[in-house]
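Report on one structure; see the data block that follows.
The values are calculated or read from the model by the stated rules, or taken from the named source; none is laboratory data. Computed from a predicted structure; not experimentally measured. Virtual Cβ from ideal backbone geometry, glycine too; neighbours counted across all protein chains shown.
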Amino acid sequence: MFRRWWAELRTAQPDRGMVTGEYAVGTLAACALAAVLFKVLTSDAVQARLGSIVQRALDVPF
């Protein structure tokens, strides 16, 4: 059973990867996500919340 599975696995055609169009769409999606994250993380509300979290963490008594 294992030998047959291994033989089929070795003779199967490997995936050759993405084509150029898929790279373009993937790159565009990654850039769009990065832009959205940048806008969210640089907003005043998120910066204030992150600042308060860091401040609380630094004020913890030992």
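Does region 37-47 hold any residues that are in a helix (DSSP H, G or I), surrounded by 10 or more Cβ atoms within 10 Å (Cβ to Cβ) and not basic (Lys, Arg), and which are they?
Residues satisfying the conditions are Leu37, Phe38, Val40, Leu41, Val46, Gln47.
Residues in region 8-22 that are loosely packed, with under 10 Cβ neighbours inside 10 Å and at pLDDT 70 or above: 7 in all.
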